Amino acid sequence: MTNPTPVLHLLLLFTATAAVAVFLLPIISAATFDDPTANLSTSWTIGPSLTRNITYPDGSTILALLVRGFFGPSFAFGFFCSSPCSSFLLSIYIVYTDSGSSITNLNSDPPQLIWSANRQRPVRLNATLLFSPSGDLILRDADGSLVWSTNTSGEGAASLTLLNSGNLVIMDNKSNHFWASFDHPTDSLLVGQSLKQGQSLTSNSSTNSTQGQFFITVDSNGLRAFIESNPPQLYYAKPNASSSAKPQNRSAYATFQNGSLDIFMSSTHPNSPDYSISLPTSPSTQYIRLDSNGHLGLYAWNEGWSFAQQVFDEFPDDCAYPTVCGHYGICSNGQCSCPQLKNGNSDYFTPVDPLKINSGCNPAASISCRSNESIQLLAVDEVSYFNYIDQSSSVMRTTDENSCKEACLRNCSCKAALFRYNGDLTTGSCYLPSEIFSLMINNPQNSHYNSSAFLKVQTVSAPTPESSISTGTSSSSGSQKMGIIIGVISVFVFAAIVLLVLIFVVRRRRRRRAQEEDEDQFGEIPELQARFSHDELVMATENFKSKLGEGGFGSVFEGTLRNGTKVAVKRLNGVGRAKTEFVAEMTTLVAIHHINLVKLIGFCYEGDHRLLVFEFMPNGSLEKWIFNRTHNASLDWQTKCRIISDIAKGLSYLHEGCKQRIIHLDIKPQNILLDENFKAKVSDFGLAKLVDRDQDQVMTRMRGTVGYLAPEWLTSVISEKADVFSFGIVVMEIVCGRKNLDNSLKGEVHLVSLLQEKIGEDRITDMIEGRENYERWEEDEAVAMLKLAVWCLQTDSGRRPSMAVVVKVLEGGLNVETNVDHNFFTAATLGKNDAACWNDSNSSMPTASLLSGPR
């Protein structure tokens, strides 16, 4: 390492943010070491003690812990941060080393990240990585919270080694591997690495290192690339999506070789791939990466890193990628535009950014299924859609155009009727996506098919103006009497004005003092959300005119901010002046960010007013979609599956993705909200309980909602498994289409008891609502979903799965436990003695946890 430059002494005067990078400031031309192995009980802390650091010209910095040095591109394992260096990823990256195995940044590209352990949660200065004496590799943030672990404790591990291939492994003294980074890919594959069935490559987002919206999997049909949606939409398949699955007795996988990407689907020829994508060979290092735009690129070293080839073959041009023109954008020869009528009218769609037309288009009015609003289908001729390659996603394969359009109008989650004609131009395949990405102009001479799109748009009738009302004035008779009266009361008016002025001055001083105190406390909240005045929210909600619902601690109203953003405003009742508790709960809420949790936009703390501003969820709560049999648009099975998956992901984040484990304690359909695409989001953290990660259970008084309470509430000792039980109830209700406790159904009041009975009679399919309209595979999936619910409803909380395991089951990575107790808890008696304290929707709460999401 070279000596620090004098610049370092000047930078010591910088702010706390700059202090993160102080120990990294010497831009090192070379760091000499070749140390690819670490032994048990080794630990590293991000800070001045890590002297093996290199800063690159683009501002990115690495803190190398293990290096497998060669002359040229080499693999290293350690911490990485991009400019400005404020947070770190634990990563494997490719660096350039000289003939002495020294990492150098001279005339070289920045390090190429090919794997990361914590891209969803970067760590800060003073975070620690420990290779524990028991063989577990553990990453903790600066506050000691667990961020990531290999979970290999007690398996006989002896060393942590970075192999020549770039694979980081934990192995014993006999070189047996207990854990390998190759088995946990992120967005890249190295030569010799396989993507196995049940694994996925997931792109980074376009703005940071977190997971993006594209992912690749391998199954018995081959290699599949999807964009995240409800459900995920296929945009590339090798072999094509219409190919039938090959018989197999092993898991499928794809292996990246120097010169090809080989896909193995069957065991007929175990040493020969079923399909192979040809790639250029290279004498140097290569890797393939799923980029944030959905492209799978091959990158190779040739005196610097460069893009070598697009791995996805058979793409005619960039218009076939899902996000090339954003949502609803139409791509033609690389140019983007918004949908418009044949007469050129484009009032139904507006560009997201007029200066950046490829950012997509927004419908002029949000689509809603409310009966007082009108829905139309906007015809756009000769456009195609990338998802046409997935014939299994079409809801009807031999139908006519009108039937396809009618099916979309009946399905509230449908955003467009996409129709691909067969050769006879009278029938075709119908696609009803719940989310529309980029469309593309179709040239039948090249595609050999005709296609049309019918985009669902909302037209709201203008309200009838209110009639003006005029009033006349009375005659001037009696004006003399009025003059006398005015003269008498003028003295009193003057006295009242003086008194009011005094009161105003005193109150103003008190308000100013209170505001200064508020600023002191609210200034301590990290990532502070927007703070609104009470008058702003009165205006946004038109004086709280349109009530969306009512929860345990206040009502929720629809509103529109000045910038046009629709919001849900929750006005809290009975909060009083518990400022300390309000600030504490705000601090918790602003730290929670997940796509399946309702987002907090801002708040109001003014005088006695306590209001929370949340994102608006156009389709309301799940309750009205699964229990309201008169609703004009029911949910299809695929939408129900997506909703269940969304709930599981949101709960998994609360339990394992936050710095402190958060137990929701009141999971029920009323607290699951649906956005315009029927993406489910968990709301109402009013009952949430924070639990330290090293604390398995907590004591708390009984709370929640009758019918969703886990049996351990009888002891008041609960864990996150109480949420798992409630989740099982919700899954059961979604599949069965009725409430767990329904007093209107004589003899079948308790749904859980009825499920037990049907399982004992081997008639579980009787529980499935609408199964007479289901395909066979849908009925099979519904049965599997009920079996998952049964697993979650185990009386012994230790036998229930974690929500992370539930997510893996729903994604197909794990199977449902079959050794379960069918005499599970029925919840028929829990809460009877407390009936006076509860109602059917929610319960009371201590003041310290009053903040909750919209209902």
query = Is one or more of the residues making up region 244-254 surrounded by 19 or more Cβ atoms within 10 Å (Cβ to Cβ), among the charged types (D, E, K, R) and modelled with pLDDT under 90?
reply = no
ask   = Can you tell me which residues in region 114-135 are touching an Asp or Glu at 6+ places or on another chain (Cβ under 9 Å) and farther than 27 Å from ILE592 by Cα?
value = ILE114, SER134, GLY135
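Keeping to region 794-824, report how many residues are within 22 Å of VAL717 (Cα to Cα) and among the polar types (S, T, N, Q).
Of the residues in that region, 5 qualify.
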Residue under evaluation GLU435, criteria (1) over 26 Å from PRO239 (Cα atoms); (2) under 30 Å from the mean Cα position of the chain (by Cα); (3) of a type in the set (D, E, K, R), criterion not met = (1)
ask   = Is it the case that some residue within region 545-555 is part of a strand (DSSP E or B), in contact with a helix residue (DSSP H, G or I) (Cβ under 9 Å, 6 or more places away or on another chain), modelled with pLDDT of 75 or more and farther than 24 Å from ASN671 by Cβ?
value = no
Index of the failed condition, GLY166 passing every other in (1) over 27 Å from the mean Cα position of the chain (by Cα); (2) modelled with pLDDT of 90 or more; (3) on the phi < 0 side of the Ramachandran plot = (3)
inquiry  = Kindly evaluate SER438 against the criterion of being within 18 Å of LEU377 (Cβ to Cβ) and either surrounded by 15 or more Cβ atoms within 10 Å (Cβ to Cβ) or outside the structural domain of ILE375 (by TED's automatic domain parsing) (or both).
reply    = no
task = Taking only region 65-85 into account, find how many residues are in a loop (DSSP other than H, G, I, E, B) and more than 13 Å from SER165 (Cβ to Cβ).
result = 6
Enumeration of residues in region 704-741 that are part of a helix (DSSP H, G or I) and within 19 Å of LEU673 (Cβ to Cβ) = ASP723, SER726, PHE727, ILE729, VAL730, VAL731, GLU733, ILE734
Selection status of LEU50, assigned to a strand (DSSP E or B) and either in contact with an Asp or Glu (Cβ under 7 Å, 6 or more places away or on another chain) or under 24 Å from GLN120 (Cα atoms) (or both) = no
ask   = Has region 220-237 got any residue that is charged (D, E, K, R) and either out of contact with any strand residue (DSSP E or B) (no Cβ under 8 Å at 6 or more places or on another chain) or modelled with pLDDT under 90 (or both)?
value = no
note = Of (1) within 23 Å of ALA710 (Cα to Cα); (2) at pLDDT 80 or above, TYR774 fails just (1)
inquiry  = Could you check region 43-60 and list, in sequence order, the residues that are within 28 Å of GLY135 (Cα to Cα) and in contact (Cβ under 8 Å) with a residue 12 or more places away in the chain?
reply    = SER43, TRP44, THR45, ILE46, GLY47, PRO48, LEU50, THR51, ARG52, ASN53
ask   = Applying the selection to region 569-599, what residues are aliphatic (A, V, I, L, M), at pLDDT below 85 and closer than 21 Å to GLU550 by Cα?
value = LEU572, VAL575, MET586, LEU589
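Rundown of residues vs (1) under 25 Å from the mean Cα position of the chain (by Cα); (2) surrounded by fewer than 22 Cβ atoms within 10 Å (Cβ to Cβ), yes/no style:
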site: SER134; (1), (2): no, yes
site: LEU137; (1), (2): no, no
site: SER149; (1), (2): yes, yes
site: ALA157; (1), (2): no, no
site: LEU162; (1), (2): no, no
site: LYS174; (1), (2): no, yes
site: TRP179; (1), (2): no, yes
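Can you confirm whether ALA407 is over 27 Å from the mean Cα position of the chain (by Cα), outside any strand (DSSP E or B) and under 20 Å from SER229 (Cβ atoms)?
So ALA407 passes the test.
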task = Please indicate, with yes or no, whether at least one residue in region 815-825 is under 27 Å from ALA782 (Cβ atoms), at pLDDT 50 or above and among the charged types (D, E, K, R).
result = yes
request  = Please give the strands (runs of 3 or more DSSP E) falling wholly within region 114-157 in which 1 or more residues are in contact with a strand residue (DSSP E or B) (Cβ under 6 Å, 6 or more places away or on another chain) and among the acidic types (Asp, Glu).
outcome  = none
message = For region 182-206, which positions are touching a residue at least 40 places away in the same chain (Cβ under 8 Å), outside any loop (DSSP other than H, G, I, E, B) and farther than 17 Å from GLN286 by Cα?
response = LYS196, THR202, SER203, ASN204
task = Out of THR45, THR32, report the one residue that is of a type in the set (S, T, N, Q), surrounded by 15 or more Cβ atoms within 10 Å (Cβ to Cβ), modelled with pLDDT under 85 and in contact with a strand residue (DSSP E or B) (Cβ under 6 Å, 6 or more places away or on another chain).
result = THR32
note = In region 396-438, anything touching a Phe, Trp or Tyr at 6+ places or on another chain (Cβ under 7 Å), free of Cβ contacts under 8 Å to residues at least 60 places away in the same chain and β-branched (Val, Ile, Thr) is listed as none
request  = Select from region 191-210 the residues that are over 12 Å from ALA254 (Cα atoms) and either in contact with a Cys (Cβ under 8 Å, 6 or more places away or on another chain) or crowded, with 17+ Cβ neighbours inside 10 Å (or both) and list them in ascending order.
outcome  = THR202, SER203, ASN204, SER209
query = Restricting to region 637-667, what's the tally of residues that are of a type in the set (Gly, Ala, Ser), farther than 22 Å from ARG738 by Cα and in contact with a strand residue (DSSP E or B) (Cβ under 9 Å, 6 or more places away or on another chain)?
reply = 1
task = Tell me, yes or no, whether region 368-385 has at least one residue that is at pLDDT 85 or above, acidic (Asp, Glu), touching a Ser or Thr at 6+ places or on another chain (Cβ under 8 Å) and not assigned by TED's automatic domain parsing to the domain that holds LYS679.
result = no
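The values are calculated or read from the model by the stated rules, or taken from the named source; none is laboratory data. Being a predicted model, the structure only gives us computed values, none of them experimental. With ideal geometry, Cβ positions are generated from the backbone for all residues, glycine too; neighbour counts draw on all protein chains shown.
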